[in-house]
Every structure is written in C-alpha cells, then in structure tokens.
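A short write-up of the structure that comes next.
The values are calculated or read from the model by the stated rules, or taken from the named source; none is laboratory data. Nothing here was measured: the structure is a model prediction, and the numbers come from that model. As a convention, Cβ positions derive from the backbone with ideal geometry for all residues, glycine included, and neighbour counts pool all protein chains shown.
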Amino acid sequence: MESPFDPQAAAAIDRINAQIAAAQEHAEKAVALRDRVESIRERATSPDREISVEVDSLGRITDLELTEAAYAHTPAKLAKLILATFNDAHRIAGQTTITMAEATFGAESESVAALRETYLPPEPPESDDKSDDSPTPGRGPILTRR
C-alpha cells in the first residue's frame, strides 16, 4: 500500500516514530535502573576493623557498627576514622551505581554523565593528617594565643 504522504514526509514520520520508540526504550531502562540503584547497599570497614559503615547509593548511612575497641580512640580520632570509612563506602556505592548505568546506557551516554555528578562523591580534601590528635590553633575545643 502506498503512503498518502510524499516520500519526504513519510521518511520524516518514520524518523519521528523511531525517536519515540527509542525514547520509550530509554525510559523503560531508566525505570529498571532506578529500581536497581535504590536497592544498592555498600559497606566499608576501617583498616583496623573497628568501624563498619553501610551506605545506600546516595551515600546515606544505613548502618554504622563500632566495636568496643573503637571507643579506645580519642573522640577526634574516632570521628576521623568514621568519616574515612564512610567516604570509602560512599565511593564504592557511587561506583557501583555508575557501573550499572554504564552497562545500561553506555559509558559515554549523557545520562551516565549526569549520574556521575549525582552519585560519585567529591574527592576528599588533602589531609593535613597529624599523628598527634591534640588541638592546634584553629582546631579543637581549646583556644590558643599567638
């Protein structure tokens, strides 16, 4: 059967229909990916195994476990260890999310690029890690004079 449209119009309609089908397929993949991403839980454990942090895909803490030995640290050291362990878990969860998205849409997809901004945590700042946890000017509860 011959199309009632001229060949150029018929070709344009075919392109539009193909774009609509591709958009629908992309949307279906996005919904399936969302459901898988929402179920992500990743856990990291501190090097000394005293702290364990579990996060969801967005880095929200879903579980935090401290052993008795963790309480032997000073509050500042414990806080630093918890944050470092949290950052590890968040990074792992973000990478898991991006790996799933790349498998779904392709590594170079614009969708994956947008997800990287949301799910990959920023790099932690360079640490001025001092082995001594005692307060220094500008750090800690004790004020010092110069």
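Being under 15 Å from residue 121 (Cα atoms) and touching a strand residue (DSSP E or B) at 6+ places or on another chain (Cβ under 9 Å) is the filter; apply it to the stretch 55-82 and report the residue that is modelled with the lowest pLDDT. For the stretch 55-82, the residue satisfying everything is 57. Scanning the stretch 93-107 for residues that are in contact (Cβ under 8 Å) with a residue 12 or more places away in the chain and surrounded by 16 or more Cβ atoms within 10 Å (Cβ to Cβ) gives 93, 94, 96, 97, 98, 100, 101, 104, 105. In the stretch 39-90, of all residues being among the polar types (S, T, N, Q) and in a helix (DSSP H, G or I), the one that is surrounded by the fewest Cβ atoms within 10 Å (Cβ to Cβ) corresponds to 87. Going by what's in this entry, would residue 102 be described as of a type in the set (Asp, Glu), part of a helix (DSSP H, G or I) and over 21 Å from residue 122 (Cα atoms)? When the stated conditions are applied, residue 102 does not pass them.
Taking the stretch 48-71 as the range and being over 20 Å from residue 119 (Cα atoms) and in contact with a helix residue (DSSP H, G or I) (Cβ under 9 Å, 6 or more places away or on another chain) as the test, the residues that pass are 48, 49, 50, 51, 52, 64, 66, 70, 71.
Residue 60 fulfils the conditions (1) free of Cβ contacts under 8 Å to residues at least 60 places away in the same chain; (2) under 30 Å from residue 78 (Cβ atoms); (3) touching a Ser or Thr at 6+ places or on another chain (Cβ under 8 Å) except for a single criterion, (3). Which of the residues spanning the stretch 107-127 are charged (D, E, K, R) and at pLDDT 85 or above? Residues satisfying the conditions are 108, 110, 116, 117.
Tell me which residues, restricted to the stretch 112-125, are under 16 Å from residue 31 (Cα atoms) and surrounded by fewer than 16 Cβ atoms within 10 Å (Cβ to Cβ). Hit for the stretch 112-125 is 114, nothing else.
Condition first: surrounded by 10 or more Cβ atoms within 10 Å (Cβ to Cβ), modelled with pLDDT of 95 or more and within 14 Å of residue 82 (Cα to Cα). Can you find one or more residues in the stretch 17-27 that meet it? Looking through the stretch 17-27, none of the residues is surrounded by 10 or more Cβ atoms within 10 Å (Cβ to Cβ), modelled with pLDDT of 95 or more and within 14 Å of residue 82 (Cα to Cα).
Under the condition of being surrounded by fewer than 10 Cβ atoms within 10 Å (Cβ to Cβ) and either small (Gly, Ala, Ser) or at pLDDT 95 or above (or both), the residues counted in the stretch 28-38 number 0.
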